[in-house]
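Beneath this line is the structure, given in C-alpha cells, with notes to follow.
The values are calculated or read from the model by the stated rules, or taken from the named source; none is laboratory data. Being a predicted model, the structure only gives us computed values, none of them experimental. Here the Cβ positions follow ideal geometry from the backbone for every residue, glycine too, while neighbour counts run over all protein chains shown.
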Amino acid sequence: MENSAEDAEIVIIGGGICGLATALALHRKGIRSLVLERSDKLRATGAAIIMQANGWHALDQLGVASSLRHTAIPIQRGKTILLSEAEEEKETPLGTSKEFRCLKRADLIKAMANNLPVGTIRTSCQVLSIKLDPVTHFQHLMLSNGTILQAKAVIGCDGVNSIVASMIGLRPVRFLLLSTCVARGFTYYPDGHQFGAEFVMIIKDQVRLGRVPVSYNLVYWFVTRPWTNQDSTISKNPVLMRQSLMDSLKDFPAHTTEMIRNCDMNMLHLTDLKYRPPWDLLLDNFRRGTVTVAGDAMHGTGPFIAQGGAASIEDAIVLARCLAKKMHNNDANKRVQVEDNTLIEEAFDEYVKERRMRIFWLSLNSFLIGKKLDAQSLMVKVTILALIVVLFRDPDWHIHYQCGTL
C-alpha cells in the first residue's frame, strides 16, 4: 500500500498553548496552517497558567482575552509567609493596575481552538521525521499513520522534549534542579473558599506552597519540594502523590493540608523541572531552512516567574507578524518556490532576532531563582541573590514588556 501525500502551507507540530496560539495568530493574519497533535485529543494537562499583564496583551491580539477574563478573577494582591521565621508575613506587591489572573489550561486551549477554522487541528498525528526535498524545497513530514505531508514551513511547538528542536540541531534540555520537583493541582470549594483574590506563597525550609484562586470556588496550587528516590513511582499514582505532598506540608497551616486532601485527583501532577540553559538561548540557531521552534521547544524554563505560557503566546504573535510581513509583501502572481523559501527563512530569522534577548532574560531570571532555591551553601545563596538584585532591579520587569500588535 502506497503512502498518501498531502500539501500544506504551514505545519505546526504540537497542539498545546503555543501551537494553538501560533495557528490562531496566523489565522488572524490570513495565513493558513495545519496543527498536528500526537494525542487523540487536545491536551488539557498542566493544570493552570498564571497570566500577567504582558500575557493579557498577547491574548488581546489573538482576540480571546475578553472571553477568558470571564473565567478567572483578577488577583488584587499577594503575600509571602515565611514559616521558618515565626510565621512572618511579607507583602508581595503585584500592582493593582497590572492584570494578574490564573487561567485553567483547558479554558485557554478551548478558547483558542474554538476560534480556528474547522480542519485546522488534527489529532492522533505523530511526526516521525522531517526531511527537505531538494527538488521541490518542501519539508516532507512522515507521520506515524503513513501519511506524508509536504509543507512550505514547519513550526515546532512540541514542548520541552521537542522532536523538532532535536531535528534542527538544538542541544538537549537539562534538569533545572537536581533535587527539586514541582506538584500542581486544583481544589474545588462547592460553598466558596475564604482566600479572597489573593496570591499566597508559604515557605518553610526547602518546601514552598503557592496558592492562586481561579474563581471564588476553584483554587490552583503548586508545591516545590526536594525530589526523592520514590518520586518516579509516586508521580504515576495520584493517591501516593497526594499523601507524599501532605507529608511534605505537615508543618504548614491546617488549611493547606486540607486543600491538598480535597484536591481533584484527576488533575494532580508531579514532575521534575527541565530547562534550556540561558547561554544556549544566546548561541543556538533556532532555524534550519524553513523549520523553526517556538514556546517550550525553544525556551523551556523553570516556573519561578510564571512566564512560560505568556512567553509562548508572545512567540506566536511575533512569529505571525514576521511571516505576514514577508508573505503579504510578495506578489502572489509571481511566486516561485525558491522565493517562498527565502521569504520564509527571512521571516523566521526576524522572529528569532526579535525574541532572542527577551527569552534569554526570562530564562536567566528564572534560572537564578531556581538555583537560589536549590543552593545548600549560604554563600552561594547570597551570591545568587546579589546577582538577581543587580541584573533584575525591578522584580516586575518581565510584565512591563509588550510583544506588539499583530
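Of note:
- The residues on offer are G55, G63, and the sole one that is under 23 Å from the mean Cα position of the chain (by Cα), on the phi > 0 side of the Ramachandran plot, at pLDDT 95 or above and outside the structural domain of T342 (by TED's automatic domain parsing) is G63.
- Within region 184-224, tally of residues that are surrounded by fewer than 15 Cβ atoms within 10 Å (Cβ to Cβ) and under 14 Å from M267 (Cβ atoms): 1
- Whichever residue in region 32-47 is modelled with pLDDT under 95 and not basic (K, R) and, among such residues, is nearest to the chain's Cα centre (by Cα): G46
- Tally, over region 265-292, of residues that are over 30 Å from I12 (Cβ atoms) and out of contact with any helix residue (DSSP H, G or I) (no Cβ under 8 Å at 6 or more places or on another chain): 0
Residue by residue, here is whether (1) closer than 18 Å to D7 by Cβ; (2) assigned to a helix (DSSP H, G or I); (3) of a type in the set (S, T, N, Q) holds:
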site	(1), (2), (3)
A106	no, yes, no
A111	no, yes, no
P117	yes, no, no
P134	yes, no, no
H137	yes, no, no
H140	yes, no, no
N145	yes, no, yes
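- Test result for G16, in the same structural domain as V164 (by TED's automatic domain parsing) and more than 26 Å from D340 (Cβ to Cβ): yes
- Leading residue by the ranking (surrounded by the most Cβ atoms within 10 Å (Cβ to Cβ)) among those in region 26-63 that are acidic (D, E) and within 19 Å of G15 (Cβ to Cβ): E37
- The single condition from (1) in the same structural domain as R288 (by TED's automatic domain parsing); (2) farther than 21 Å from N285 by Cα; (3) free of Cβ contacts under 8 Å to residues at least 60 places away in the same chain that K131 fails is (2).
- Region 345-362 residues that are under 27 Å from L391 (Cβ atoms) and in the same structural domain as D315 (by TED's automatic domain parsing), paired with ones that are surrounded by 21 or more Cβ atoms within 10 Å (Cβ to Cβ) and aromatic (F, W, Y) (beta carbon under 6 Å, 6 or more apart): V352/F286
- L270 vs. criteria buried (at least 20 other Cβ atoms within 10 Å of the Cβ), in a helix (DSSP H, G or I) and under 20 Å from the mean Cα position of the chain (by Cα): no
- Scan of region 282-303 for residues that are within 30 Å of L373 (Cα to Cα) and hydroxyl-bearing (S, T, Y), ordered by number: T301
- Residue within region 85-97 that is buried (at least 16 other Cβ atoms within 10 Å of the Cβ) and modelled with pLDDT under 95 present: yes
- Region 247-261: number of residues that are surrounded by 14 or more Cβ atoms within 10 Å (Cβ to Cβ), farther than 30 Å from L364 by Cβ and either within 24 Å of the chain's Cα centre (by Cα) or in contact (Cβ under 8 Å) with a residue 24 or more places away in the chain (or both): 6
- Residue pairs meeting the criteria (Cβ under 6 Å; at least 6 apart or on separate chains; first closer than 16 Å to A106 by Cα, in region 65-76; second among the acidic types (D, E)): T71/D107
- Here the condition is being surrounded by 15 or more Cβ atoms within 10 Å (Cβ to Cβ), farther than 21 Å from K104 by Cα and not assigned by TED's automatic domain parsing to the domain that holds A306; of S244, S232, it holds for S244 alone.
Each row is one residue, and each column tells you yes or no for (1) under 24 Å from the mean Cα position of the chain (by Cα); (2) farther than 30 Å from G210 by Cβ.
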position	(1), (2)
L116	yes, yes
D133	no, yes
L143	no, yes
G146	no, yes
G169	yes, yes
R174	yes, no
C181	yes, no
F186	yes, no
